[in-house]
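Remarks on the structure that follows.
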Amino acid sequence: MVIDPVCKMEIEESTAVATSEYNGKKYYFCAKGCKIAFDKNPDKYVAGTEKGKGGCGCCGGGNCGE
Ligand SMILES: [Zn+2]
């Protein structure tokens with residue numbers, strides 16, 4: 001199971017309608033619209049899926065707490 005970073009839905013890699021690669025990581029989407037939204041502004045969604053990773057969350061830009 002993976003999380004569609006746009007709508008936060010859990011999907012199976014095998015049933016993903018679209019995929020995208022960003023920063024060497026692969027992301028799976030439940031619909032083409034989700035991929036399009038992700039491709040337009042990947043940072044926004046990547047930051048969302050990795051929230052809490054660095055325990056920071058202060059800037060919202062994904063550049064801190066690596
Ligand atoms: Zn989706």
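Some values worked out for this structure:
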item: For segment 2-49: lysine pairs under 13 Å (alpha-carbon distance), excluding those fewer than 8 apart on one chain; result: 5
item: Debye intensity ratio in log₁₀ form over the Cα atoms of segment 2-49, taken at each q of 0.20 Å⁻¹; result: -0.52
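Read the figures in this text as sums done on the coordinates, not as results from a lab. Fair warning: this is a prediction, and the values are worked out from it, not measured in the lab.
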